[in-house]
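Accompanying notes for the structure given below.
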Amino acid sequence: MNIVNAKDFDSMNRKAASIIFTQVTLKPDSVLGLATGSTPLGIYQNLIELYRKGDLDFSSVRTVNLDEYYGLDKSSDQSYVYFMWENLFKFINIKPENVHIPNGANTDADAECRRYNQVIAELGGIDLQLLGIGHNGHIGFNEPSDHFEGGTHCVTLTASTIEANKRFFGDESQVPRKAITMGIKSIMSARRILLVASGVEKAEILCEALTGPITPKVPASILQLHGSVTVVADEEALSRMNA
Ligand code: PGA
């Protein structure tokens, strides 16, 4: 596991974006696994900037997003499909047909999970998976559990995740209770993983995930077993590791 120290959020964004930049430059038709949340926002801004300067071309890139709320209409401004278009895709030259996100509006959740596993398989797997980490150690929406889930599945969100995500909804009661997420096996099958974390509130869980026991109670701890993980985190997020 390669841990890259970044001074602050801006530096974390630049360093993480440069890893994605290198991936796409070396393999223009890369399959990028993408993430939502606050942490990747600055990375996406850096990628947009690189595209605007003519340094990055997304015309052959394929993307698969980690997860989506279940039961939320696609047009909802809280959906992850909306997030991805508003924060990245609409500013770059990615082809809409190359964008893949679980469909949280499919009333048959099991069929949607099967479809999404098939999408990832048909793309030939993920070259580089970007991940944030939840306060409870979740990756994607793989919540703490007594076992590691395999492929794409439907989950019930934990109270901690609902609490963390209510900031996007205004009110906790508006946060969907379920989501569709890639499973741990889907994530661990990615050829490379880029985990990003920022801020002191992630320090404890980041340290636990990277140095503690490998347990489904801290889903991100499984990353210790992956052969090609780069963690880019700022000083605050790494403060427990360096203590
Ligand atoms: P955040 O979310 O980037 O908004 O902190 C990370 C996550 O929950 O995976």
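None of the figures in this text is laboratory data; all of them are computed from the coordinates on show. Note that the structure is predicted; figures quoted are calculated from it, not measured. All Cβ positions, even for glycine, are placed from backbone atoms using ideal geometry, and neighbour counts span all protein chains on display.
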Sticking with the crude label model, points 7 Å out along Cα→Cβ, report the distance from Ser228 to Ser145 in nm, one decimal please.
2.6
Search the structure for amide H atoms under 5 Å from the amide H of Asn65, placed 1.01 Å from N in the peptide plane, and list their residues when 5 or more places away or on another chain.
Leu34, His100, Ile101
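With charges only on Cβ, +1 for K and R and -1 for D and E, what is the dipole size of the chain about its Cα centre, in debye, rounded to 20?
520
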Over the stretch 14-123, what relative contact order in percent results from Cα pairs under 8 Å that are six or more residues apart?
27
Under a straight-distance cross-link criterion of Cα-Cα below 26 Å, which lysines are reachable from Lys95, leaving out those fewer than 8 residues away in the same chain?
Lys15, Lys27, Lys53, Lys74
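Tyr82: net charge of surrounding residues, Cβ under 15 Å, Lys/Arg +1, Asp/Glu -1, itself excluded?
That works out to -3.
Give the order of Met1, Met182, Met84 when sorted by the count of other beta carbons within 10 angstrom, beginning with the fewest. Display every interim value, and only then the final one.
Working: Met1 15, Met182 31, Met84 22.
The most exposed by this proxy come first: Met1, Met84, Met182.
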Which whole-number percent gives the relative contact order of the stretch 144-243, counting Cα pairs below 8 Å spaced six or more residues apart?
32
Computed helical MRE - 222 nm, the chain, DSSP H runs ≥ 4 contributing -39500 (n - 2.57), nearest 500:
-9000 deg cm²/dmol
First measure r as the distance between the Cβ atoms of Glu204 and Lys95, then evaluate 1/(1 + (r/R0)^6) with R0 = 35 Å and state the FRET efficiency to the nearest 0.05.
0.30
Considering only DSSP beta bridges whose two residues both sit in the chain, what percent are antiparallel, to the nearest 5?
25
Mind checking which aspartates and glutamates have their Cα closer than 17 Å to the Cα of Lys202? Skip sequence neighbours fewer than 8 apart in that chain.
Asp8, Asp10, Glu143, Glu163, Asp234, Glu235, Glu236
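Return Met188, Met241 ranked ascending by Cβ neighbour count within 10 Å, so the fewest neighbours appear first.
Met241, Met188
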Can you sort Thr230, Thr107, Thr156 by how many other beta carbons sit within 10 Å, fewest first?
Thr107, Thr156, Thr230
Between Arg14 and Lys185, how high is the FRET efficiency from 1/(1 + (r/R0)^6) when r is the Cβ-Cβ distance and R₀ = 30 Å? Nearest 0.05.
0.45
For the chain the mean separation of alpha carbon contacts under 8 Å (6+ apart) over residue count, i.e. relative contact order in percent, is 25
For the Asp108, Gln174 Cβ pair and Förster radius 25 Å, calculated FRET efficiency rounded to 0.05 is 0.55
Stretch gain in nm, segment Lys53-Arg115, where the contour uses 0.36 nm per residue and the Cα spacing is subtracted:
18.7 nm
Using a simple spin-label model with points 7 Å from Cα along the Cα→Cβ vector, what separation in nm is obtained for Gln45 and Met1?
2.8
